[in-house]
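K.L.:
Below are the structure tokens for one structure; questions will follow.
The values are calculated or read from the model by the stated rules, or taken from the named source; none is laboratory data. Given the structure is predicted, the values throughout are model-derived calculations rather than measurements. Because the Cβ atoms are built from the backbone with ideal geometry, glycine has one as well, and the counts that use them run over all protein chains shown. Areas reflect the complete protein model, heavy atoms only, side chains present, ligands, DNA and RNA absent. Shrake-Rupley method; radii C 1.70, N 1.55, O 1.52, S 1.80 Å.
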Amino acid sequence: MKCDILIVAGLWNSGPDHWQTHWEAKYSKWERVAHRDWQAPDRDEWVAELDAAIAACQGRPILVAHSLGCMLVAQWAQASSHLNVAGAFLVAPSDVEAPSYPIAPGAFSPVPMQPLPFPSMVVASSDDPYATIERSRAFAQAWGSKLVEIGDAGHINADTGYGPWPEGEQMLEAFCSTLQP
């Protein structure tokens, strides 16, 4: 794939069987944002760590985010960084305001509901335990993102059968082809 990618994992850092991990292993130049604490995320710290990872990129990366990583991208976009990204591929954004979300209420809320200042695509599941399809649609609409609904796919992670996930990789490649270099 011919685009610069920065992987933005969610809570607990996407395990060894997660599609993000498979893709990172496949593409040696792709980097993952590092966080000091994957278990108890602090929004301001994670935003600063994402900003530092973007600053370390040679060009404008495409952010490939999952779950809480999607909320991190939205929070970073609202933080008025002077840095730019080419776009964001946002998979299974978690509703951090929902009672089903497994971290402390308020840790990443409120959810930014303003347009993102870069092209984006949201990939959503109709039976995600961490965000209803209606809420995923609302995120996509508020952020100005293209929305792709993939049906019953759970949280689109290894637990629901999304290991290597070639269909997702094809969606990312198609999204990359629409972006300005």
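K.L.:
Looking at Ala88, Ala53 in this structure, which one is closer than 22 Å to Ser145 by Cα, hydrophobic (A, V, I, L, M, F, W, C) and in contact (Cβ under 8 Å) with a residue 24 or more places away in the chain?
P.N.:
Ala88
K.L.:
Filter segment 23-34 down to the residues that are in contact with a helix residue (DSSP H, G or I) (Cβ under 9 Å, 6 or more places away or on another chain) and open to solvent by 20 Å² or more (accessible area, probe 1.4 Å), then identify the one that is farthest from Gly168 (Cα to Cα).
P.N.:
Within segment 23-34, the match that is farthest from Gly168 (Cα to Cα) is Ala34.
K.L.:
Right, here's the next one. Would you be able to say whether some residue in segment 114-123 is closer than 17 Å to Val64 by Cα and of a type in the set (S, T, N, Q)?
P.N.:
Within segment 114-123, one or more residues are closer than 17 Å to Val64 by Cα and of a type in the set (S, T, N, Q).
K.L.:
Separate question: Got a number for residues in segment 123-181 being within 28 Å of Pro99 (Cα to Cα), open to solvent by 30 Å² or more (accessible area, probe 1.4 Å) and in contact (Cβ under 8 Å) with a residue 60 or more places away in the chain?
P.N.:
3
K.L.:
Next up: Can you confirm whether Val96 is open to solvent by less than 60 Å² (accessible area, probe 1.4 Å), closer than 25 Å to Lys146 by Cα and touching a strand residue (DSSP E or B) at 6+ places or on another chain (Cβ under 8 Å)?
P.N.:
In short, no.
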